[in-house]
1. Given the options 259, 307, 290, 278, name the one that is surrounded by fewer than 18 Cβ atoms within 10 Å (Cβ to Cβ) and hydrophobic (A, V, I, L, M, F, W, C).
2. Among the residues of segment 63-88, write down those that are open to solvent by 60 Å² or more (accessible area, probe 1.4 Å) and in a loop (DSSP other than H, G, I, E, B).
3. Does segment 319-346 hold any residues that are of a type in the set (A, V, I, L, M, F, W, C) and over 26 Å from residue 281 (Cβ atoms), and which are they?
4. Does residue 135 meet the test of being within 27 Å of residue 87 (Cα to Cα) and in contact with a Pro (Cβ under 8 Å, 6 or more places away or on another chain)?
5. Looking at segment 266-275, which of its residues are surrounded by fewer than 18 Cβ atoms within 10 Å (Cβ to Cβ) and not in a loop (DSSP other than H, G, I, E, B)?
6. Which of the following residues is polar (S, T, N, Q) and out of contact with any helix residue (DSSP H, G or I) (no Cβ under 7 Å at 6 or more places or on another chain): 220, 230, 134?
7. Restricting the search to segment 150-164, which residues are open to solvent by 80 Å² or more (accessible area, probe 1.4 Å) and either at pLDDT 95 or above or more than 21 Å from the chain's Cα centre (by Cα) (or both)?
Amino acid sequence: MKIKRAYRRIVTVSLLLGLICCCLHAGAQSDPLAEARRLAAAREYTQALTLYKKMYAETPRDEEVYRGYLNTLLATKRYKEAEKLVYEQLRANEHPFFYIDLGHVYQEAGKGKKATDQFDKALSAINGDDMVTQQIVRAFSEIGNDQYTILAYERAREILRNPWLYYNPLARLYAANGQMENAVNTLLDGGAGNMGGATDTKSTLLEILGDDPVKLQLAQKALVKRVNRQPDNIYYAELLTWLYTQKGDWDGALIQIRAIDERNRESGQRVLAFAQHALQESQYDISLKALEAIISKGSDQPLYGAAKAEQLRVHMRRLENDPTYASQGRIDSLSKDFSEFFAAFPQYNSSPLT
């Protein structure tokens, strides 16, 4: 009996699975667009084109049908049919999209000059309207034409005379196409007027520069020029300092930080923050050097006590994390320093220094 029941269950499950498969197949067939896409993806182009041709005849202005039909014609190298299809759309609506589509057809057919003519027509439609610009940029991007995507952004910026517009995607495009100098300068120009400021610029710089020493050097050179031209511009100075740390040049970073601090009369506040950041990165020597720059200005300075406290914390952290540094002599010396510090600054007795 148990065997019979098990057999009946297997048969039932098999029937259900078969029914589900039939339903799914029927569902796909009831949606001709989905079926055409499936056939095209499976490279069953003849059947896909038959479906697309039928749907296009019924709904010639359906964007998805038109787009799928065009792409399938291009995949099968039916360039004359593709050209005719795009011209039909252009006659109904002279949208820049269709000039890009026509250029794409010519490009795929190996007709470079004719392709360029159509792409240029699309570019000429850019008039400063952001929606038009974004549509044209997206169309060029979808056919993988970075050159004209860049030109579209550049034309919009030129028309509006605004170097802050589109700076982030444009910088990424420049970088992706090996135009690193343009990428860095575009990013620096645009980031200065962005609400996110240096933080956003750092994020994109990290993305496009990576840890490539040549690219980092190029960015540093561009920033040094800007800092020399605009020594009071904190945005550029901060980025240059950060870039030094990315290159591992912490001494160079400290020089910049001290210069900014002095220029803005920050009484060592920026230097102290840098020392704390250096400690987080286990850069003990540079952290101590930064703190000594504050302490050396004298005990009458507002951050003298804070710098002394931070100095003890750096030594303590180093003893904890650097076995080569720890020794009984250093431990005894640090213990003495702590006692002297608390005697001089009793207010820190209730504040943890570690």
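1. Just one listed residue meets the conditions, 259.
2. Result: 77, 78.
3. Start the filter on segment 319-346 by keeping residues that are of a type in the set (A, V, I, L, M, F, W, C), which leaves 319, 326, 331, 334, 338, 341-345.
Within segment 319-346, 342, 343, 344, 345 qualify.
4. Values: within 27 Å of residue 87 (Cα to Cα): yes; in contact with a Pro (Cβ under 8 Å, 6 or more places away or on another chain): yes.
So residue 135 passes the test.
5. Pass one, segment 266-275, residues surrounded by fewer than 18 Cβ atoms within 10 Å (Cβ to Cβ): 266-267, 269, 273.
Once the filter is applied, which keeps residues that are surrounded by fewer than 18 Cβ atoms within 10 Å (Cβ to Cβ) and not in a loop (DSSP other than H, G, I, E, B), segment 266-275 yields 269, 273.
6. Numbers: 220 fails: out of contact with any helix residue (DSSP H, G or I) (no Cβ under 7 Å at 6 or more places or on another chain); 230 fails: out of contact with any helix residue (DSSP H, G or I) (no Cβ under 7 Å at 6 or more places or on another chain).
When all the criteria are applied, what remains is 134.
7. Within segment 150-164, the subset open to solvent by 80 Å² or more (accessible area, probe 1.4 Å) is 155, 158, 161, 164.
155, 158, 161, listed by residue number.
Table: residues versus (1) out of contact with any Cys (no Cβ under 8 Å at 6 or more places or on another chain); (2) in a helix (DSSP H, G or I); (3) within 21 Å of residue 256 (Cβ to Cβ).
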position	(1), (2), (3)
150	yes, yes, no
155	yes, yes, no
169	yes, yes, no
181	yes, yes, no
214	yes, yes, no
220	yes, yes, yes
232	yes, no, yes
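The values are calculated or read from the model by the stated rules, or taken from the named source; none is laboratory data. The model shown is predicted, which means the values in this text are computed figures rather than measured ones. All Cβ positions, glycine included, derive from the backbone under ideal geometry; neighbour counts span all protein chains shown. All accessible areas refer to the heavy atoms of the entire protein, side chains included, with ligands and DNA or RNA removed. Shrake-Rupley method; radii C 1.70, N 1.55, O 1.52, S 1.80 Å.
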